[in-house]
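Everything on this sheet refers to the single structure shown next.
The values are calculated or read from the model by the stated rules, or taken from the named source; none is laboratory data. The model shown is predicted, which means the values in this text are computed figures rather than measured ones. FYI the Cβ positions are ideal-geometry reconstructions off the backbone, even for glycines, and counts take in every protein chain you see. Accessible surface is based on the protein model in full, side chains and every heavy atom, while ligands, DNA and RNA are left aside. Shrake-Rupley method; radii C 1.70, N 1.55, O 1.52, S 1.80 Å.
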Amino acid sequence: MIGSPNKPLPRAPSVAIVGATGAVGTEMIACLERRHFPLSRLKLLASPRSAGRSTKFKGHDVRIDALDALSLQDIDIALFSAGGAISKEFAKTAPRHAVVIDNSSAFRMEQHVPLIVPEVNIDQIACHSGIIANPSCVAIIAALALWPLHRANPIHRVVATTYQAASGGGAALMEELRASTKAFLTNQNFTPRVAPHDYAFNVFSHNTRVDSESGNNEEEIKVARELPKIMNAPNLRVGVTCVRVPVLRAHTIAMTVEFEHPLTPGTAREILRNARGLEIVDDRKSNRFPMPRDATGRDEVLVGRLRQDQSDPSGRSISMLVAGDQLLKGAALNAVQIAEYLMKSHDA
Ligand SMILES: NC(=O)c1ccc[n+]([C@@H]2O[C@H](COP(=O)([O-])OP(=O)(O)OC[C@H]3O[C@@H](n4cnc5c(N)ncnc54)[C@H](OP(=O)(O)O)[C@@H]3O)[C@@H](O)[C@H]2O)c1
């Protein structure tokens, strides 16, 4: 049963997007339209700054309203993408029968909140009690490549380094990358407002708070916690270094993965070739491997550069590169897929 036991979701639900003007919210609107999501009404919500503006959905102008305590009263599915504080404050204003699909980190690690990547653990969706969490973008993109391999040969350890795009920091960080690049190329001074450092032609540690004891930033902590939950592998050991690179959109992740048994790159490639949501880009001859510009605008996550890890003579470790559009599969698309599964289980 979806939603409250008293009132299941209707066949054409009313859907709200909270954070509809943001980098992710904008993609959510586009995903609902291009995937023909069967909604009866779309409500777009943002901060008071955006109230009164409008945006197109299926050729019609839809007004953007300021979010308040009454906004979700007539809503069946609420897609939240306006930051953790907004989710914590307003998710509870959804009616009892409604389902909140939350893109922030507010509820991800709560025991009774499923953390869903449909290709990996859609079976967990039935356990929700009103809130379903979308994992962090890096965790979704990594899980898509790790899960099929894990099912064939259990993974013990993952060591990953990310090359994260500006879009992961929202519309404002994308704009800052454009502006700082223009200033750099024209010898103008530029004072960063969103990023902690000059962004153009630079690489810096992920712009989240750094834990003073462990030295890990919040992004690294999230990924290390979320992957074992998504993959239902509590003993999975994950070490991550998260870095922002001057790429506009789509994250790249280099991963070295240690398995229980030896695995060849050829076997790994075949497993991944047959997995959902992935596309192999592994052309050694022309040195073409996953790149963020190729991943931009794509639903699939690109995976390649599969090779034996030279530092592990046991043959149990494989290195690889993945690139995925984190505004799509890493956020908006994953959330809309979850909503689609809610509707499918309704029909079942
Ligand atoms: N960007 C990514 O790749 C990504 C991936 C996974 C998860 N996420 C998560 O998704 C959320 C949104 O990220 P984003 O990148 O889309 O950020 P963004 O581009 O900065 O957009 C933020 C959205 O939140 C709205 N908002 C801000 N304050 C609000 C308020 N008081 N009441 C209602 N709405 C408010 C903004 O509305 P206004 O335009 O009116 O200010 C805007 O629509 C964050 O929790 C982020 O951690 C992002």
*Any idea which residue in segment 88-98 is surrounded by the most Cβ atoms within 10 Å (Cβ to Cβ), counting only those that are in contact (Cβ under 8 Å) with a residue 12 or more places away in the chain and farther than 17 Å from GLY25 by Cα?*
ALA98
*Within segment 179-189, identify whether any single residue is touching a His at 6+ places or on another chain (Cβ under 8 Å) and within 28 Å of GLY297 (Cβ to Cβ), and answer yes or no.*
no
*Within segment 197-207, is there a residue that is of a type outside the set (S, T, N, Q), within 18 Å of the chain's Cα centre (by Cα) and surrounded by 15 or more Cβ atoms within 10 Å (Cβ to Cβ)?*
yes
*Count, please, the residues in segment 127-151 that happen to be assigned to a helix (DSSP H, G or I), open to solvent by 10 Å² or more (accessible area, probe 1.4 Å) and touching a residue at least 40 places away in the same chain (Cβ under 8 Å).*
4
*asked:* Among the numbered criteria (1) in a loop (DSSP other than H, G, I, E, B); (2) under 25 Å from the mean Cα position of the chain (by Cα), which one does GLN188 miss?
replied: (2)
_Just checking, does segment 185-193 include any residue being under 24 Å from GLN326 (Cβ atoms), in contact with a Leu (Cβ under 8 Å, 6 or more places away or on another chain) and either surrounded by fewer than 16 Cβ atoms within 10 Å (Cβ to Cβ) or of a type in the set (Gly, Ala, Ser) (or both)?_
no
*Every pair of residues 6+ apart whose Cβ atoms lie under 9 Å, when the first sits in segment 47-75 and is under 18 Å from ALA12 (Cβ atoms) while the second is assigned to a strand (DSSP E or B) and within 8 Å of the ligand (Cβ to nearest atom)*: LEU72/VAL18; LEU72/LEU45
_Restricting to segment 152-173, and then to whatever is within 13 Å of the ligand (Cβ to nearest atom) and open to solvent by 30 Å² or more (accessible area, probe 1.4 Å), can you tell me which residue is nearest to ALA224 (Cα to Cα)?_
GLY168
*Answer residue from segment 219-235, given it is free of Cβ contacts under 8 Å to residues at least 60 places away in the same chain and open to solvent by less than 70 Å² (accessible area, probe 1.4 Å) and is nearest to LEU177 (Cα to Cα) among those*: GLU220
_Those residues of segment 85-99 which are outside any helix (DSSP H, G or I) and either under 17 Å from GLU226 (Cβ atoms) or touching a Leu at 6+ places or on another chain (Cβ under 8 Å) (or both), in sequence order_ = ALA94, PRO95, HIS97, ALA98, VAL99
*Which ones in segment 23-36 are open to solvent by 60 Å² or more (accessible area, probe 1.4 Å) and not in a loop (DSSP other than H, G, I, E, B)?*
THR26, GLU33, ARG34
*Could you look through segment 48-66, keep only residues that are open to solvent by 30 Å² or more (accessible area, probe 1.4 Å) and closer than 30 Å to LYS222 by Cβ, and pick out the one that is farthest from the ligand (Cβ to nearest atom)?*
THR55
*Which residue, of ALA69, ALA20, ALA82, is within 12 Å of the ligand (Cβ to nearest atom), open to solvent by 50 Å² or more (accessible area, probe 1.4 Å) and outside any strand (DSSP E or B)?*
ALA69
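Out of all the residues in segment 102-126, which are part of a loop (DSSP other than H, G, I, E, B) and out of contact with any strand residue (DSSP E or B) (no Cβ under 9 Å at 6 or more places or on another chain)? Step through it out loud before you land on a result.
Keep residues of segment 102-126 that are part of a loop (DSSP other than H, G, I, E, B), which gives 103-114, 116-117.
Selection gives GLN111, VAL117.
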*asked:* Considering only residues that are farther than 18 Å from PHE259 by Cα and acidic (Asp, Glu), which ones fall in segment 276-322?
replied: GLU279, ASP282, ASP283, ASP294, ASP299, GLU300
